[in-house]
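Student: Take this structure, written in structure tokens, and hold onto it; I'll ask about it next.
The values are calculated or read from the model by the stated rules, or taken from the named source; none is laboratory data. Predicted, not measured: the structure shown is a model, and the values here were computed from it. Every residue, glycine among them, receives a Cβ derived from its backbone with ideal geometry; neighbour counts consider all protein chains shown. Side chains are part of the model used for accessible areas, which takes the heavy atoms of the whole protein and leaves out ligands, DNA and RNA. Shrake-Rupley method; radii C 1.70, N 1.55, O 1.52, S 1.80 Å.
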Amino acid sequence: MPTLSLTNFNIVVSVLGGWISLFGLVSYLLKENFYLSEALISLLAGVAVSPSATNLIRPLEYAGSEENLNAITLSFTRLVLGVQLVLAGVQLPSRYLKKEWIPLTILVGPIMTLMWLTSSLLIWGLVPDLNFLHALAVASCVTPTDPVLSNVIVKGRFADHNVPKELQRIIIAESGANDGLGYPFLFIALYLIKYIGDGGVAESGGAGIAMGLWFGETWGYTIILSIIYGAVVGWLAKELLHWAEEHKFVDRESFLVFAISLALFIVGTCGMIGSDDVLACFVAGNLFTWDDWFRLETMDDSLQPTVDMLLNVSIFMWLGAICPWEEFVHNDVVPIGRLLALGVLILLIRRLPWVLAIHKWIPQIEEIKQATFVGFFGPVGISAIFYLYITLEFIGTMNVDGEPREDMAKLPQTVKVVVWFIAICSIVVHGLSIPLGKAGFAIPRTLSGGPAGSSSVDVRGQLPFNLGTRVSTIMGARLHSRSRRSSQDGPGGGGGGGVDAGGPIYRIGGSVIPDRNQPGPAMAVGDSRELTDRDTPNRISTPPLPTRTIRFPDGQATRPVNLPTAGQTA
């Protein structure tokens, strides 16, 4: 007899597949018309199926313990960041890191350091009884900008219409580089907590051993080794794929998926040696397209964006399901009022003032509007959750007899509550900023100052630019006259080539591009009004060209006119 099999696997697969299908049905409407990010929508979907709501998805039950759940989330975020950062590196033009190393160094050097210190001071000031070293560790988790949330301003319709290409690229490069460079900020705080946090009771060596480990292990083994490893693997992958493609050894499907498989390989191998897989993935992606060959070959392909979308939807549903919502209100470390104030202040002053102060040294940021835009959009998301669980994993290694050290008793809950809350705030605020901005509440409509005629369309509504008054008039008049002629001429009628002697006169010739420096009345395509002397003087700034006069019918009496054929002189 058939029975229901409500196993965890069946429920999870059904919920995930159903949500992705439902979201796909209206994805264009939500993302391109309403400018809503898939991250925010999927986060809300995850909340709806979480134990706090319908209880369809029960992550803690699947994991078996809090420790296993933390390990699963850390691995999931590593996977998503690795794939995302290889694809981010692939998106950048040839030799981009070499050409733009100065502005990129400013963004991931002084600006990132100031972001870390500002966040530390805010957290230290608003979280009661918090040691400043602990505040430095918590702030390091929310310092990097998130590459997944940054996609909302570097991809899609809004980015194409409002964000200059060079600005998009520097945002992609910064979010990719600073994700991997979060390790030094985190581990200088963690090493100091370990060796001097309790006055050296549990660990001997003091600040000297802490700084030695920071320079040797964090910078040498984690950062520098990952850069070298990512560069070598990316370059070898590029050469091998070139060779295989030249010899016709690789089919199209394997060619397209190569960057994604490269990301998986780097995440796995870097994880085994304990290096920075996130930074290695970004460097490998950039070296993989150092000659721009792979980027141009796959520019029109949809496989990479499809995988990107599947990963984004899945990870943010998972984050919505595991987020500790109850702990935001009921915890032993920070009241909800202070937590709300901290979330607002982090989003407003963690990054924005420093970008405004230094934007003149970044050539991609041309004006104050763009500096405000870049400063505000420094989202906190998956990378913050990634560093959160790295922090919790490291704190677990400092337990004494299975219990946290006395000086660190509240640190795990503090970092968990604060980082999760700031990440949720950022996902919601940055996910809604573009729709609100387009409605006129938050940001200017246009950042790049495009041409005024960019909204004009042709007869079928497809032309993205303004052809100009005279050509538009001719097109409209010719279409109008042909339709009138075909309805009035009977079988065998001779009016097919006739024009009215008293009809309006139009000119063909001169430039079809209007002079932007001279104001003049614009005329929509298909407008058949007669061109007058008032229209032309301000629109034509080029020397007069040879012209031809043609008379079009106006639907009344007509008589035949012989036009010159090929080889004749008009």
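Student: Would you mind telling me which numbered condition in (1) assigned to a helix (DSSP H, G or I); (2) farther than 20 Å from Ser75 by Cα; (3) not acidic (Asp, Glu) Val267 fails?
Tutor: For Val267, the exception is condition (2).
Student: Can you spot a residue in region 189-212 that is in contact with a Cys (Cβ under 9 Å, 6 or more places away or on another chain), part of a helix (DSSP H, G or I) and not hydroxyl-bearing (Ser, Thr, Tyr)?
Tutor: So far as region 189-212 goes, no, none of its residues is in contact with a Cys (Cβ under 9 Å, 6 or more places away or on another chain), part of a helix (DSSP H, G or I) and not hydroxyl-bearing (Ser, Thr, Tyr).
Student: Another question about this same structure. Which residues, counting only those in region 302-351, are within 30 Å of Phe23 (Cα to Cα) and touching a Pro at 6+ places or on another chain (Cβ under 8 Å)?
Tutor: Passing the criteria: Trp318, Ala321, Ile322.
Student: Return the pairs, sorted by first residue and then second, in which the second residue is small (Gly, Ala, Ser), the first residue lies in region 390-402 and is farther than 18 Å from Trp420 by Cβ, the beta carbons are less than 9 Å apart, and the residues are 6+ apart or on different chains.
Tutor: The qualifying pairs are Met398/Gly197; Met398/Ala202; Val400/Ala202.
Student: Also: Of the residues Ser120, Ser52, Ser140, which is buried (at least 17 other Cβ atoms within 10 Å of the Cβ) and in contact with a Phe, Trp or Tyr (Cβ under 6 Å, 6 or more places away or on another chain)?
Tutor: Among Ser120, Ser52, Ser140, only Ser140 is buried (at least 17 other Cβ atoms within 10 Å of the Cβ) and in contact with a Phe, Trp or Tyr (Cβ under 6 Å, 6 or more places away or on another chain).
Student: Follow-up question, since we're still on this one. Say whether the condition of being of a type outside the set (Val, Ile, Thr), surrounded by 18 or more Cβ atoms within 10 Å (Cβ to Cβ) and more than 22 Å from Gly176 (Cα to Cα) is met by at least one residue in region 67-76.
Tutor: Yes.
Student: How do the pairs read when you match residues in region 88-107 that are at pLDDT 90 or above with residues anywhere that are among the charged types (D, E, K, R) and open to solvent by less than 20 Å² (accessible area, probe 1.4 Å), using Cβ under 9 Å and keeping only pairs 6 or more apart or on different chains?
Tutor: Going by the 9 Å Cβ cut-off, the qualifying pairs are Pro103/Glu174; Leu104/Glu174; Leu107/Glu174.
Student: Is there any pair linking a residue in region 302-317 that is in contact (Cβ under 8 Å) with a residue 40 or more places away in the chain and surrounded by fewer than 20 Cβ atoms within 10 Å (Cβ to Cβ) to one that is in a helix (DSSP H, G or I) and hydroxyl-bearing (Ser, Thr, Tyr), with Cβ under 9 Å and at least six apart or on different chains, and which?
Tutor: Listed by first residue and then by second, the contacts come to Met309/Ser27; Ser314/Ser42.
Student: Would you be able to tell me the number of residues in region 407-427 that are open to solvent by 50 Å² or more (accessible area, probe 1.4 Å) and of a type in the set (A, V, I, L, M)?
Tutor: Count: 1.
Student: Also, I was wondering about something else. In region 80-94, which residues are within 18 Å of the chain's Cα centre (by Cα) and surrounded by fewer than 20 Cβ atoms within 10 Å (Cβ to Cβ)?
Tutor: Across region 80-94, the qualifying residue is only Pro93.
Student: Something else now. Count, please, the residues in region 318-363 that happen to be among the β-branched types (Val, Ile, Thr) and either farther than 27 Å from Leu117 by Cβ or open to solvent by 50 Å² or more (accessible area, probe 1.4 Å) (or both).
Tutor: 5
Student: For Phe23, all conditions in the list (1) open to solvent by 60 Å² or more (accessible area, probe 1.4 Å); (2) closer than 29 Å to Lys438 by Cβ hold save one; what is the number of the exception?
Tutor: (1)
Student: Give all pairs with beta carbons closer than 7 Å in which a residue from region 20-49 that is among the charged types (D, E, K, R) meets a residue that is open to solvent by 30 Å² or more (accessible area, probe 1.4 Å); count only pairs at least 6 apart in sequence or on separate chains.
Tutor: Taking only residues 6 or more apart or on different chains, the pairs are Glu32/Arg157; Glu38/Lys31; Glu38/Met309.
Student: If only one of Leu262, Leu296 is buried (at least 22 other Cβ atoms within 10 Å of the Cβ) and under 12 Å from Val90 (Cα atoms), which one is it?
Tutor: Leu262 is the lone residue from the list that is buried (at least 22 other Cβ atoms within 10 Å of the Cβ) and under 12 Å from Val90 (Cα atoms).
Student: Listed residues Leu69, Leu97, Leu4, Leu74; which is over 17 Å from the mean Cα position of the chain (by Cα), farther than 30 Å from Lys438 by Cα and in a loop (DSSP other than H, G, I, E, B)?
Tutor: Leu4
Student: If you check every pair at least six apart or on different chains, which have Cβ atoms under 7 Å apart with a residue in region 153-180 that is more than 25 Å from Ala231 (Cα to Cα) and among the polar types (S, T, N, Q) first and a residue that is outside any helix (DSSP H, G or I) and open to solvent by 30 Å² or more (accessible area, probe 1.4 Å) second?
Tutor: Within 7 Å, the pairs are Asn162/Thr446; Asn162/Ser448.
Student: Also, quick follow-up: Within region 180-199, is there a residue that is of a type outside the set (Val, Ile, Thr), open to solvent by 30 Å² or more (accessible area, probe 1.4 Å), farther than 28 Å from Val278 by Cα and in contact with a strand residue (DSSP E or B) (Cβ under 9 Å, 6 or more places away or on another chain)?
Tutor: No, every residue in region 180-199 fails to be of a type outside the set (Val, Ile, Thr), open to solvent by 30 Å² or more (accessible area, probe 1.4 Å), farther than 28 Å from Val278 by Cα and in contact with a strand residue (DSSP E or B) (Cβ under 9 Å, 6 or more places away or on another chain).
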